[in-house]
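Input: a single structure, listed below in structure tokens.
The values are calculated or read from the model by the stated rules, or taken from the named source; none is laboratory data. Predicted model only: the values in this text are computed from it and were never measured. Please note: Cβ atoms are built from the backbone with ideal geometry, for glycine as well, and neighbour counts cover all protein chains shown. Surface areas here come from the heavy atoms of the whole protein model, side chains and all, with no ligands, DNA or RNA. Shrake-Rupley method; radii C 1.70, N 1.55, O 1.52, S 1.80 Å.
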Amino acid sequence: MSLKELTGKAINDWGGYETECSCGKKHRLDSAFFLGAGAEENILAAMSVIAPSGCGVVLVRERGYEVEDLKRLLRRGGYPVHEREVSRGDGFAVLENETIGDGVRAVLGVGGGFVCDCAKYIAAFARLRCGMVVRSYSSASFLVPSASIDGGGMPRLFKTDPPKFILCDTSRLGKSAGSANAALFGEIASRLIALYDWRFSSLVRGEKICEEVYEAALGEIDGVLASLRGSGRNAETAGILFESGLKLSALAAIDDSSRLFSGGDTACSLALEMLMRHEERKGRLRGENELLFSVLLLDIYPKVFEARKQEGFLPPPDNNMRLEKLVEYLGANERAAANSLTPYLPEKVMALCDYRIGEYEDELKSELLKFSTRLRAAYKIFRRLYADDGFSLRGYLDVSDAQLCLALAPEMTGKYGALTHLKNMGITDAYLLD
């Protein structure tokens with residue numbers, strides 16, 4: 001069965017999928033799904049996937065999540081529970097301080113995307129399996145084989161295994177707030193920017209790309225846009241979005257890569273989160289930020305082609321200025337910020353990149369145009385997921401904030417894309433000038 005055919009099936013049928021792909025990889029999804037009304041009653045069946053009865057489990061949760069019912073079920077099933085509360089801003093050093101007893105054999109996350117990243121990281125550090133009980137529905141990244149964890153004030157991407165199971169009481173989905181649905185939709189639609197950056201890097205820098213994963217992800221996004229176009233807010237919206245988000249993160253797990261969730265949109269959003277946190281301003285959810293930046297990037301990415309037509313000397317990017325801004329405006333630790341700076345590519349490498357952009361200019365422009373049409377349609381759907389039809393979005397992202405985040409985005413994930421190329425051309429330095 002091809003990946004594109006797989007996306008037409010319910011996510012419950014994805015567990016155990018395995019195939020030899022034309023890209024040369026052996027794709028496999030080693031995760032089970034326990035989804036449905038009252039699914040948390042099946043926690044013992046889910047736990048048996050990662051550890052037998054009698055083994056201890058570290059239960060990772062964020063403050064505000066009530067877990068007494070789950071703990072009671074686990075203890076009755078013979079699983080000693082060691083509870084761990086995590087907070088936004090906990091870095092990898094904090095998470096590594098988790099004492100793992102001799103009898104502990106599994107990690108269980110309860111919450112949303114942030115808790116899932118923490119659970120995946122703790123499990124990877126302790127070499128344990130992890131599972132996830134989803135209670136927050138604003139994220140699409142549960143099965144991505146990596147965890148984005150704070151390191152000295154800078155986001156760091158750590159390779160992990162995906163959770164071995166996802167459990168969700170879907171009867172709670174209809175109670176999702178409008179902002180949660182908008183954030184989840186925003187993260188799904190913004191995978192278009194991640195796909196474009198993946199294509200850009202494959203053509204310009206020779207990064208490996210799986211065409212089957214690429215096409216399957218694009219087909220899934222198109223399906224969501226078709227399902228929600230004209231429907232606005234209704235009882236089925238949350239369920240459609242949740243399943244689609246799981247499918248996209250499952251494709252990342254199948255590819256054993258976080259590339260599908262590491263585009264310029266995500267990098268900009270991470271920079272904005274740092275800025276908001278440092279200035280103690282109330283920000284929006286990541287998926288909301290990602291879609292807002294995706295729309296902006298539609299006007300920024302064409303500069304890649306415009307830059308080729310400039311004559312004369314182009315100064316290299318000013319990493320010293322970037323370091324100052326990361327520390328002063330985003331609150332990063334100086335050493336962590338310095339270690340995160342993407343190095344300037346040598347002149348010969350840049351010359352080759354420039355040549356390849358010229359060689360593949362028609363393909364890159366055509367892809368960007370197609371994605372632009374999709375994203376502008378997505379932005380219309382996105383606004384109408386709010387009770388006020390997006391009125392509250394006005395004035396949220398001002399020009400100076402947006403430019404700062406666009407310039408510093410390449411330092412957030414380290415993945416090559418159109419923004420990284422524009423940085424190497426010295427184009428985005430102007431966004432850093434006061």
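Observations, loosely collected:
- Computed on segment 326-434, with alpha-carbon pairs under 8 angstrom and 6+ residues apart, the relative contact order is 28 percent.
- Equivalent-ellipsoid semi-axes for segment 287-434 (Cα gyration tensor, √(5λ), whole Å, largest first): 28, 23, 12.
- Bridgeable lysines around residue 4 (alpha carbons under 25 Å apart, same-chain partners fewer than 8 residues away excluded): 25, 26, 164, 208, 247, 365, 370.
- For residue 104, the residues 5 or more places off, or on other chains, whose built amide H falls under 5 Å of its own are 56.
- Volume per residue of the convex hull around the Cα atoms, evaluated for the chain, comes out as 139 Å³.
- From phi via Karplus (6.51, -1.76, 1.60), per-residue ³J(HN,Hα) for segment 240-256 in Hz, x at Gly/Pro: 4, 5, 4, 5, 5, x, 4, 5, 5, 5, 5, 5, 5, 5, 4, 7, 6
- Per-residue Karplus couplings for segment 271-283, computed as 6.51 cos²θ - 1.76 cosθ + 1.60 with θ equal to phi - 60°, are listed in order as 5, 5, 4, 4, 4, 4, 5, 5, 8, 6, 9, 7, x Hz, Gly and Pro entered as x.
- In the elastic network of the chain, a GNM with C-alpha springs shorter than 10 Å, the most mobile of 272, 195, 397 is 397.
- Area accessible to solvent at residue 205, 1.4 Å probe radius, in Å²: 100
- Under-5 Å amide H pairs with residue 83, H placed in peptide plane, nonlocal only: 59
- Note on the chain: with a GNM built from Cα contacts shorter than 10 Å, the maximum mean-square fluctuation among 203, 275, 369 falls on 369.
- Shape call, segment 122-174: gyration tensor on alpha carbons, a/c limit 1.5: oblate
- Surface exposure of the chain, expressed per residue as accessible area with a 1.4 Å probe, stands at 42 Å².
- The GNM of the chain, with springs linking C-alpha atoms under 10 angstrom apart, assigns the highest mean-square fluctuation among 41, 347, 83 to 347.
- Carbon and sulfur %, accessible surface of the chain computed with the full protein complex present, 1.4 Å: 48
- Segment 123-270, relative contact order [Cα under 8 Å, separation at least 6], %: 34
- Each residue of segment 316-322 was assigned a 3J(HN,Hα) from its phi angle through the Karplus expression (A = 6.51, B = -1.76, C = 1.60, θ = phi - 60°), giving x, x, 8, 6, 5, 5, 4 Hz with x at Gly and Pro.
- In the context of the full protein assembly, residue 13 retains an accessible surface of approximately 100 Å², using a probe radius of 1.4 Å and ignoring ligands and nucleic acids.
- Equivalent ellipsoid dimensions for segment 1-58 as semi-axes, Å, which come from the Cα gyration tensor, largest first: 28, 16, 6
- Rounded, prolate or oblate (a/c below 1.5 giving rounded, otherwise prolate when a/b exceeds b/c) for segment 235-308 by Cα gyration tensor: oblate
- Considering only alpha-carbon pairs that sit under 8 angstrom and 6 or more positions apart, the relative contact order computed for the chain is 18 percent.
- Inter-label distance, nm, simple model (7 Å from Cα along the C-beta direction), residue 9/residue 334: 5.6
- Cα gyration tensor category, rounded, prolate or oblate, for segment 364-434 with a/c compared to 1.5: oblate
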